[in-house]
Structure formats: C-alpha cells, structure tokens
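Participant: Just dropping this structure here.
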Amino acid sequence: KMEVPNIFTPNGDGSNDVFFLKVANMSEINAIIFDRWGNKVYETNSSTGNIAWDGKALNGKEASAGVYFYVIKGTGKDGKEYESKGNVTLVR
C-alpha cells in the first residue's frame, strides 16, 4: 500500500510542510522527483518505507513553487515490484 500526496506547502507553518509518502508492507523504496524540465531535484532510498521531501533540491536550495513529477519504485514484503508515477504540487 502506498499513499502519495498530490500537494504540499513547505512554508514552516507546521501543517503539510513535507511531501510524505506513507507505505505499508514494503521492504524497500526508491523515490525520484523531477522538475518540469526533467531535471532530478530529489532522490532517496528507504528500507523502512516512509519517505519525506522537505521541498529542497539536491543543491540544498529551496525548490520553486510548481508541479513536480515523481517515480516511486518499491519492493513489497511479498517480493513483488511496485511502481507509482504522478505529480505533486509544491506551494510556497
């Protein structure tokens, strides 16, 4: 099971500040986030399942407001491969 949000607001107000992926029964996850030009802005791997992006690019600077695209691949505890693609809106 994967729950992927479609919007987040990393503005420091304590509400919805991270793009947080909630998963269950997954043993490994890889997430890559791209900007609208196809440039990778974030990538992470997790063996615990949960992934959170704080809206900062790989260079440490805040990513601009806009639509970003993600590719999330994972392996379930059942050994099956899973993949989810979509977009998320970053609002500042």
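Participant: Amide H of K22: which non-local residues (sequence gap of 5 or more, or other chain) have their own amide H closer than 5 Å, using H built in the peptide plane?
Facilitator: E3
Participant: Calculate the tail of P(r) for the chain: the fraction of all Cα-Cα distances greater than 15 Å, expressed in %.
Facilitator: 56 percent
Participant: So how far, in whole Å, is the C-alpha centre of segment 39-57 from the one of segment 9-38?
Facilitator: 6 Å
Participant: Ignoring ligands, DNA and RNA, what percent of the 1.4 Å accessible area of segment 1-41 is carbon and sulfur?
Facilitator: C and S atoms contribute 47 percent here.
Participant: Continuing with this model, one more query. Which of the lysines could be linked to K22 by a straight reach, that is with a Cα gap under 23 Å, when you skip same-chain ones fewer than 8 residues away?
Facilitator: Correct list for K22: K1, K40, K56, K73, K77, K80, K85.
Participant: Using a 1.4 angstrom probe, figure out how much accessible area the chain has per residue, in square angstrom, rounded to the nearest whole. Write down the numbers at each step before the final one.
Facilitator: Values: 5570 Å² over 92 residues.
Result: 61 Å² of accessible area for each residue.
Participant: Please report the accessible area of K73 (heavy atoms, 1.4 Å probe, ligands and nucleic acids excluded) in Å², nearest 10.
Facilitator: Accessible area, nearest 10 Å²: 100 Å².
Participant: Which order do E43, E28, E81 take when ranked by solvent-accessible area (1.4 Å probe, heavy atoms of all protein chains), largest first?
Facilitator: E81, E28, E43
The values are calculated or read from the model by the stated rules, or taken from the named source; none is laboratory data. These numbers were taken from a predicted model, which means no experiment stands behind them. These accessible areas exclude ligands, DNA and RNA; they are computed on the full protein's heavy atoms, side chains included. Shrake-Rupley method; radii C 1.70, N 1.55, O 1.52, S 1.80 Å.
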